[in-house]
Every structure is written in structure tokens, then in C-alpha cells.
Amino acid sequence: NTAVSYGYEPGSTFKVLTAAAVLEEGRVRPSDLFDCGMGSITIYGRRIGDHHAYATLSLTQVIAKSSNVGIIRVGQRLPESTFCAWIKKFGFGRKTGITLPSEAPGLLQIPGGRTWSGLSQPMMSMGQSIVVTPLQMLAAIAAIGAGGERHTPRIVRTITSPDGTAAEPDVPEPVRVVSRGTARTLVRMMETVLEDGGTGTAASIPGYRVAGKTGTAQKV
């Protein structure tokens with residue numbers, strides 16, 4: 001089942017989680033402005049580019065326009081260890097606990113680890129240099145939609161005994177990842193992705209509020 005066993009670099013969909021971490025840490029506000037370097041930033045000799053040349057964007061605009069340079073600047077507001085602690089809190093680097101066979105834990109680098117470098121946090125901020133499963137990504141984004149609580153995904157909804165009695169299977173209690181206020185802020189920011197100027201306008205539905213995040217993962 002590729003939803004639980006296939007690992008990939010999520011790309012820009014991951015930017016929402018970087019924003020979640022800095023917002024919850026109180027290091028940034030949605031209106032704070034970031035230097036986007038006219039579409040380019042160089043870190044440890046590596047040039048990282050944007051799909052458009054932006055001069056300055058607010059955090060909300062960084063998400064709406066999916067700026068790589070902008071989200072790297074956002075992620076730099078956190079120490080490496082704090083940033084990775086938030087990534088773990090959202091459930092990455094370990095199995096979700098769903099009762100399906102062959103679930104993969106993904107791959108999460110840690111500061112001080114053999115593969116960690118000065119590029120690790122900037123690349124992870126925009127969804128590269130980390131391996132996730134589709135279900136891990138879905139569970140993390142669903143936590144934002146659920147008011148900041150991460151639920152353990154399950155494949156069995158109810159168990160019905162021969163006498164017709166139905167019971168839900170035992171599942172762990174939800175874990176609060178971010179506050180309700182931060183979750184509401186993130187949802188509003190994700191709504192701007194589908195509004196004029198955002199990268200996901202094709203997914204908007206007239207008459208409905210829709211929140212989302214575009215992403216372009218790269219195949220290895």
C-alpha cells in the first residue's frame with residue numbers, strides 16, 4: 001500500500017508545517033515581512049531559487065505564493081533543534097500507528113547526525129531533505145484542520161459483533177500539536193493559497209471556503 005509504505009520528499013506542501021512551528025513558538029506573525037532576495041538565496045555556497053522573483057513577502061504571502069526563499073527565511077527564526085522537535089511533534093520520522101502492514105517510518109535527519117549539514121534545516125523548511133509517507137503528510141495537515149490535534153489514523157471504523165453490537169476499536173487519545181488559535185491562523189493562511197495571487201486558484205470552489213497548499217515534489 002503506497003499510502004503507508006512509499007516515502008517521498010513532500011516539497012512545498014511541507015511549508016505549512018514550517019509556518020506552524022514558527023507561529024507556535026511566537027517567533028513570527030502572519031503579517032511579518034521577509035526578504036525574498038528577488039528569487040534567490042545562497043547558503044553554504046548553494047544557490048536556492050524561487051519560481052518567481054519576489055522582493056519582500058509577508059508570511060501569509062510566502063505560503064500563498066509558495067516562496068522557497070521566503071520559507072527558508074521563516075525557518076531560520078528557529079534553532080535547528082527546536083525546528084526538528086516540531087517536525088517530530090507532527091509525527092514525522094516514525095510510523096503513524098495505523099493497523100496496516102509494511103508501514104514505513106519515513107526518514108528524518110537530526111542535528112548532529114551523520115547526514116546533518118548547514119543545508120539540512122533550510123532544505124527541510126521547504127520540504128526537501130526529508131522523506132515522508134503520504135499518510136504521514138495527510139495526518140499532519142489534518143491536525144491543523146482538526147483545531148491543532150493530531151489523531152492516530154485508523155483503517156477500521158467499527159467492529160460489529162454477531163449480536164449486532166457495534167463498538168469502535170481502541171485508538172490513542174488525540175495529541176495536541178499546536179493551539180487552536182495557531183490552527184485557525186494556519187487555515188486562514190491556507191485559504192489564501194486558493195485566492196487571487198495564490199498558487200492554487202484552480203482548486204477553489206465558488207461559494208465555499210477551501211484551504212490547501214500546492215506542492216511539486218521531485219522524483220529522485
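Annotations
- Hey, P30 open to solvent by 20 Å² or more (accessible area, probe 1.4 Å), in contact (Cβ under 8 Å) with a residue 60 or more places away in the chain, under 23 Å from V178 (Cβ atoms) and of a type outside the set (S, T, N, Q) or not: yes
- Taking the stretch 163-178 as the range and being in a loop (DSSP other than H, G, I, E, B) and within 19 Å of T99 (Cα to Cα) as the test, the residues that pass are E168, P169, D170, V171, P172, E173, P174.
- Every condition in (1) surrounded by fewer than 21 Cβ atoms within 10 Å (Cβ to Cβ); (2) assigned to a helix (DSSP H, G or I) holds for I87 except the one numbered (1).
- Of the set (1) polar (S, T, N, Q); (2) closer than 27 Å to G93 by Cβ; (3) in contact (Cβ under 8 Å) with a residue 40 or more places away in the chain, all apply to T115 but (3).
- Selection status of G93, free of Cβ contacts under 8 Å to residues at least 60 places away in the same chain, at positive phi and either assigned to a loop (DSSP other than H, G, I, E, B) or crowded, with 22+ Cβ neighbours inside 10 Å (or both): yes
- Residue check for G37: on the phi > 0 side of the Ramachandran plot, touching a Lys or Arg at 6+ places or on another chain (Cβ under 7 Å), surrounded by 13 or more Cβ atoms within 10 Å (Cβ to Cβ) and at pLDDT 95 or above: no
- Candidate set from the stretch 184-220 (those that are surrounded by 10 or more Cβ atoms within 10 Å (Cβ to Cβ), small (G, A, S) and in a loop (DSSP other than H, G, I, E, B)); member that is modelled with the lowest pLDDT: A217
- Condition met for Q109 (outside any loop (DSSP other than H, G, I, E, B) and among the polar types (S, T, N, Q)): no
- Options S81, S12: the member that is small (G, A, S), more than 23 Å from K219 (Cβ to Cβ) and open to solvent by 10 Å² or more (accessible area, probe 1.4 Å): S81
- The lone criterion from (1) touching a Gly at 6+ places or on another chain (Cβ under 8 Å); (2) farther than 22 Å from F83 by Cα left unmet by E168 is number (1).
- Qualifying residue in the stretch 44-55 (condition: open to solvent by 30 Å² or more (accessible area, probe 1.4 Å), in contact (Cβ under 8 Å) with a residue 60 or more places away in the chain and outside any helix (DSSP H, G or I)): yes
- When the stretch 104-143 is limited to residues that are open to solvent by 40 Å² or more (accessible area, probe 1.4 Å) and closer than 23 Å to A211 by Cα, the one that is nearest to the chain's Cα centre (by Cα) turns out to be I141.
- Checked against (1) closer than 18 Å to S5 by Cα; (2) among the aliphatic types (A, V, I, L, M); (3) in a loop (DSSP other than H, G, I, E, B), L135 passes all but a single condition, namely (3).
- Inspection of the stretch 144-159 finds a residue satisfying the criterion of being loosely packed, with under 15 Cβ neighbours inside 10 Å, within 14 Å of the chain's Cα centre (by Cα) and not in a loop (DSSP other than H, G, I, E, B).
The values are calculated or read from the model by the stated rules, or taken from the named source; none is laboratory data. Since the structure is predicted, the reported quantities are computational estimates derived from the model, not experimental observations. A quick note on method: Cβ atoms are made from the backbone with ideal geometry, for glycine too, and the neighbour counts reach across all protein chains shown. Surface accessibility is based on the protein's heavy atoms, side chains included, excluding ligands, DNA and RNA. Shrake-Rupley method; radii C 1.70, N 1.55, O 1.52, S 1.80 Å.
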